[in-house]
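Derivation of every value follows stated rules applied to the coordinates shown; laboratory data play no part. Note that this is a predicted model, so its numbers are computed, not measured. Counting neighbours? That spans all protein chains shown, and the Cβs are built from the backbone with ideal geometry, glycine included.
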Amino acid sequence: MNLQSLIRPHIRALKAYSSARDEYTGKVGTFLDANENALGSVADGPYNRYPDPHQRAVKTELARLRAVQPEQVFLGNGSDEAIDLLFRAFCEPGKDEVLLMPPTYGMYQVSADLNQIPARKVPLTNNFQLDLPNIQAALSPNTKLIFLCSPNNPTGNCLKAEDVKVILESAPGLVIVDEAYIDFAQRASVLSWLAEYPNLVVLQTFSKAWGMAGLRLGMAFAHPEIIAVMTRIKPPYNVNLLTQELAIKALSNHEKQQEMVAATLAERARMAESLGDLDFVAKVFPSDANFLLVKVPEPDQMYDRLIGKRIIIRNRSKVLLCEGCLRITVGTKIENDAFLTAFSALGNEIEHEKTTYT
Ligand SMILES: *Cc1c(COP(=O)(O)O)cnc(C)c1O
């Protein structure tokens, strides 16, 4: 596959902004090049200097942890920035299109709309897997991006690895595998496939297992040519100084991330079992993520009444293939107990009202 030919012509020709920190990369010197405030920062910290536009230190540590080369890593202001840049680099309005497999993460559609790129949709099968024959039928030579989410949000399951390979082999463009929840999954990441598939882009994030949603740091792993074009068109200082510092700190403490994942998995199992024991719960879907999808008879009432008790979950009951479903994030043991107690009481209350008044 010729990756260069997939890039939009004007982006291929684009000359990137060259920042002060691009032109001189040494660490020691008298820095009078970037119009910073040399006296310090009003915000009481060493924030007066611009951050490294290429996030070299973070990429070095991340590449080591994930066993890839730094040239295969893009860092963005959340994965959402990486998603948007893929559209901007590869999708020409009026010509190209992308493929989405609902029900899935809402940002793919938002980014497609924002960039005026039609999104063709091929729903997942009833067991939330890829519908290969219909995907093949929906492909066109202008299908530039195919978004796969594994583990999928909001269904919680992983896509079958062999199906993802079929898509990678038949796609005329890039295949994005969003692994925001991969650290909670039994399944291995597809990162090890990068050498084999130059059209693979793997998205991961610091927002979930790493517990850094407030810092906004997303990752894309791909062939160096894909990373190079994303880097060329990104805002120069897209990852701030504090986020870069805290990411390095986080990466040096992978054990803590693993401990939190283990605690979340234990709570997920306990919640799934408790929810499965409730008579009014129609189904608890298996989850490879840090949330559970649960089918109930009266999702809207359950959702509203939980809000009344200041317990906030996500109502997914209007989403294709998720009719009647609520999505519940796994919290702390105390939070989960509060949820389970309220959920059980409200469910029984609603069922009782139905038998009493009808
Ligand atoms: C939460 C989530 C993300 C993370 O997005 P960030 O912008 O990195 O916070 C990405 N993809 C999916 C499917 C998600 O659910």
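Brief remarks on what is shown
- Checklist (1) surrounded by fewer than 19 Cβ atoms within 10 Å (Cβ to Cβ); (2) within 16 Å of the ligand (Cβ to nearest atom); (3) touching a residue at least 40 places away in the same chain (Cβ under 8 Å); (4) over 17 Å from the mean Cα position of the chain (by Cα) applied to GLN244, failing item: (1)
- Within the stretch 122-135, residues that are more than 15 Å from LYS160 (Cα to Cα) sit with their Cβ atoms under 8 Å from residues that are part of a helix (DSSP H, G or I) and among the β-branched types (Val, Ile, Thr), at 6+ positions apart or across chains, in these pairs: VAL122/ILE135.
- Single residue of SER207, SER192 found to be assigned to a loop (DSSP other than H, G, I, E, B), at negative phi and of a type outside the set (Val, Ile, Thr): SER207
- Residue in the stretch 140-157 that is more than 16 Å from the ligand (Cβ to nearest atom), among the charged types (D, E, K, R) and out of contact with any Phe, Trp or Tyr (no Cβ under 7 Å at 6 or more places or on another chain) present: no
- Scope the stretch 79-95; condition crowded, with 17+ Cβ neighbours inside 10 Å, without any contact (Cβ under 8 Å) to a residue 60 or more places away in the chain and more than 12 Å from the ligand (Cβ to nearest atom); matching residues: PHE87
- Scan of the stretch 168-210 for residues that are more than 16 Å from the ligand (Cβ to nearest atom) and charged (D, E, K, R), ordered by number: GLU169, GLU196
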